[in-house]
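Notes to accompany the following structure.
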Amino acid sequence: MPESTTVAHPEARVPVGVPPRAALGTTTWTLLRWTMAQTGSMLPLFVVVQAAIAAAVIIGFGFLIPDINTRTAELLSTGAPTVLIMVIGLVLCPWGVAGARTSGTFTYQRALPVPRPLLLAADLVVWLVIALPGIPVTVLVARLRYGLDYSIDWPLLVGAAVLSTVMAVSVGYAFAVLLSPMLSQLVSQVLVFFVMLFSPITFPSSQLPEWFQAIHDVLPFRPAADLLRAGLLSDRFEASAQDLVVLLVWCLLGLAISVRALVRRG
């Protein structure tokens, strides 16, 4: 009787497919929606805060100056948008990044299979949406308080506002990802006092010592204020190419440091 032979059939191998990578546009849109859902819900509160800061700068600082004249009113009114933009970029943005790092959201986002520079791009867009309403808010407050007649150069105003906001947010983002959350918030508080009290944004730079004026020639605060001022009152103030170059350099520096911190391992 022949022996029965059992033939072992190898198990069928089912190929495991790799999910297709999402398109760059889809990834970017998803990140924007996610970031906006996290931060954008606070937009009404941010607008209220911007209105309060605008009133503090335009009206409150005016109370400190006896017999305020037209020139001083123009400096206060056109410097307030820069103060708001710097507060958004150098205080609120680091505060948001520090909170994300503390809660673990920042680490989770970096672990996602998306290009890490897109994380910065999404934050930039959201903070732009938050910061830009501050300009019409300050214009309205100044109009009601001093009755200024604006001569707006729209291309210059829009370009200066976007560039100043990107610069402030990228610089704030840079030290927020490089420093510890507590230290980054401390630095942001020091910076906002420096911007409001020691930067020639709401007062002429001629009131500062010459050595301090030279420092502000290479810092981004006065150039940002002068470009925005030239956009709001184009018939009384002129834009400077040097201010544009200084602002661009700081913007590129902040973006480079932020991207480098995002793509590094660990």
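Points to keep in mind about this one:
- Within segment 208-224, the set of residues being in a helix (DSSP H, G or I) and in contact with a Pro (Cβ under 7 Å, 6 or more places away or on another chain) comprises His216, Arg222.
- Among the residues of segment 113-146, the ones that are over 30 Å from Glu74 (Cβ atoms), open to solvent by 40 Å² or more (accessible area, probe 1.4 Å) and assigned to a loop (DSSP other than H, G, I, E, B) come to 2 in all.
- Applying a threshold of 7 Å to beta carbon distances and a minimum spacing of six or more residues, or different chains, the list of pairs starting in segment 126-137 at a residue that is on the phi > 0 side of the Ramachandran plot and modelled with pLDDT of 85 or more and ending at one that is open to solvent by 10 Å² or more (accessible area, probe 1.4 Å) and part of a helix (DSSP H, G or I) is empty.
- Number of the exception - Asp149 against (1) open to solvent by less than 40 Å² (accessible area, probe 1.4 Å); (2) outside any helix (DSSP H, G or I): (1)
Conditions (1) open to solvent by 80 Å² or more (accessible area, probe 1.4 Å); (2) modelled with pLDDT of 85 or more, marked per residue:
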site	(1), (2)
Ala8	yes, no
Leu43	no, no
Val48	yes, no
Leu76	no, yes
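- The residue that is modelled with the lowest pLDDT, counting only those in segment 256-266 that are open to solvent by 50 Å² or more (accessible area, probe 1.4 Å) and in a helix (DSSP H, G or I), is Val263.
- Thr202 meets all of the listed conditions (1) farther than 30 Å from Pro113 by Cβ; (2) modelled with pLDDT of 90 or more; (3) in a helix (DSSP H, G or I) but one, namely (3).
- Pairs, first among the small types (Gly, Ala, Ser) in segment 26-40, second open to solvent by less than 80 Å² (accessible area, probe 1.4 Å), C-beta under 8 Å, six or more apart: Gly40/Val126; Gly40/Val129; Gly40/Ile130
- Filter result for Leu253 (within 23 Å of Val162 (Cα to Cα), open to solvent by 10 Å² or more (accessible area, probe 1.4 Å), touching a residue at least 24 places away in the same chain (Cβ under 8 Å) and out of contact with any helix residue (DSSP H, G or I) (no Cβ under 7 Å at 6 or more places or on another chain)): yes
- Screening the candidates Gln207, Gln242, Gln189 for the property of being in contact (Cβ under 8 Å) with a residue 60 or more places away in the chain and either on the phi > 0 side of the Ramachandran plot or open to solvent by 30 Å² or more (accessible area, probe 1.4 Å) (or both) yields one hit, Gln189.
- Flag if Ala230 is surrounded by 14 or more Cβ atoms within 10 Å (Cβ to Cβ), of a type in the set (A, V, I, L, M, F, W, C), under 22 Å from Ala256 (Cβ atoms) and at pLDDT 90 or above: no
- Verdict on Ser184 being in contact with a Pro (Cβ under 7 Å, 6 or more places away or on another chain) and under 28 Å from Val245 (Cβ atoms): yes
The values are calculated or read from the model by the stated rules, or taken from the named source; none is laboratory data. Everything numeric here is computed off the predicted structure, so don't read it as measured data. Backbone-built Cβ (ideal geometry, glycine too); neighbour counts: all protein chains shown. Protein only, heavy atoms only, side chains kept; ligands, DNA and RNA dropped before computing areas. Shrake-Rupley method; radii C 1.70, N 1.55, O 1.52, S 1.80 Å.
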